[in-house]
Structures are given as structure tokens and as C-alpha cells.
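The values are calculated or read from the model by the stated rules, or taken from the named source; none is laboratory data. From a predicted model like this one, the values you see are computed outputs, not experimental measurements. Here the Cβ positions follow ideal geometry from the backbone for every residue, glycine too, while neighbour counts run over all protein chains shown.
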Amino acid sequence: MGKVSIGLRGWRFDEEDVFGEDGAIRDLDQMPADTRHRIVRLSSLMGEPCNACWLIHGEENVEECNPGTIVYGEPLAEVLLCNEHESDFLYWFRELGGEAFAGSADLQDEFHEWFLDGGRAPEGYGGLDHVQRHPDDLSEDGHPTESEGIDEVERQLDEMADAEREALDVNLDDLDV
């Protein structure tokens, strides 16, 4: 088995950590802790606005924001971006030293500061070439639809008692679910 992105590009998971032999998503309590936390966080990021768009338009014009399609960074300090702004992040990360914040809780704040100060990728700066194994899972505008996997995670979270979530160390307040 290989690596797979679920719902949003960016965070990649070992297929065997997320899916059972039958291809169905595993129960959350059967996933490694880091995978579980990222999957739960993904469920709250789906449909949220791109961070860069939000920095431009603000809460008062959130309808002007593109939905995020890719996530970089660590849960709760992640950068959620649309296709249009991915190259800005990659330029900052690759060319301007953003990689120094990889794995750090400061990644989001540092990128946001740079972007708010007018930082942008030069015209024509290349992003990443992403290979879509299941392009039919995308809507016509190229944004991911709510995946069955994320829907399943949300169903599991809804059905879990507080004690079960606590035992799995899933704090819904931290994850914005």
C-alpha cells in the first residue's frame, strides 16, 4: 500500500493506517494517534476558506474567499490554501526560508505575517504538479467534494461518547469540529 491524501491535498497518510482490507475507513480507535488527529482535523477544514483569501477579504467578505484545497503544516497550526495561493506559500517556503518552520507551530503565523506584508510569489512561479488518481472525486470547479472518508469520520465523532473521545485524546474544542 502507498500514501494517500484524503479530502484535501497535502497531508498524506499510509493507506493501511486509514483503510481496512475491505477498503472502508477504519474506526478512529484503530488508527495511530497522529493519523487520527490529522483525520479529525481534516473533517473540520473541509469547506473552510483559503487562509490567504481570508487574509485579503476578511470575515466580512468571506464569501469572496476560495475554499481551501490543500493543507500544509501541523494540525492547529496548518496553512489551508486554494489552488491560486499555493504558489505563494511554496515560494515563501522554498525560496524565502519558510522551510525553517516546517513541523513548527509557528509555520502558520510566519506565513500569514509574510503574506499580510504583501508577500507574493513572482508571476509564473510554479507550484507542485499533483497527480490525481481519482479525478472524478473532484467537482467541476476542481475543488474537492466532501469525501466519504471524511463523512465517515464525522459520523464516528458524532456517535462517540465524551469518554471515548477523551480516551482517544480527541479534543473537539481544539479541532474546531
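Scanning the stretch 97-127 for residues that are in contact with a helix residue (DSSP H, G or I) (Cβ under 7 Å, 6 or more places away or on another chain) and among the aliphatic types (A, V, I, L, M) yields 107, 116, 121. Looking at the stretch 46-60, which of the residues that are out of contact with any helix residue (DSSP H, G or I) (no Cβ under 9 Å at 6 or more places or on another chain) and part of a helix (DSSP H, G or I) is farthest from residue 18 (Cα to Cα)? Applying the filter and picking the extreme gives 60. Which of the following residues is touching a Leu at 6+ places or on another chain (Cβ under 7 Å), surrounded by fewer than 21 Cβ atoms within 10 Å (Cβ to Cβ) and in a loop (DSSP other than H, G, I, E, B): 77, 105? Being touching a Leu at 6+ places or on another chain (Cβ under 7 Å), surrounded by fewer than 21 Cβ atoms within 10 Å (Cβ to Cβ) and in a loop (DSSP other than H, G, I, E, B) holds for just one of 77, 105, which is 77. Residue pairs, Cβ under 9 Å, 6 or more apart or interchain, first in the stretch 100-128 and free of Cβ contacts under 8 Å to residues at least 60 places away in the same chain, second outside any helix (DSSP H, G or I) and of a type in the set (S, T, N, Q). List them. That search, which allows pairs on different chains as well, returns 110/104. Only one of the listed residues (91, 72) is more than 21 Å from residue 5 (Cα to Cα), at pLDDT 95 or above and surrounded by 13 or more Cβ atoms within 10 Å (Cβ to Cβ). That residue is 91. Residues considered: 29, 22. Of these, the only one that is over 15 Å from the mean Cα position of the chain (by Cα) and part of a loop (DSSP other than H, G, I, E, B) is 22.
Suppose the filter is touching a Cys at 6+ places or on another chain (Cβ under 6 Å), at pLDDT 95 or above and part of a helix (DSSP H, G or I); does residue 112 pass it? Judged against the criteria, residue 112 is not a match. Restricting 47, 58, 20 to residues that are free of Cβ contacts under 8 Å to residues at least 12 places away in the same chain and closer than 28 Å to residue 89 by Cα narrows the list to 58.
Of the residues in the stretch 62-74, at least one is more than 14 Å from residue 8 (Cα to Cα), out of contact with any Ser or Thr (no Cβ under 9 Å at 6 or more places or on another chain), in a helix (DSSP H, G or I) and free of Cβ contacts under 8 Å to residues at least 12 places away in the same chain.
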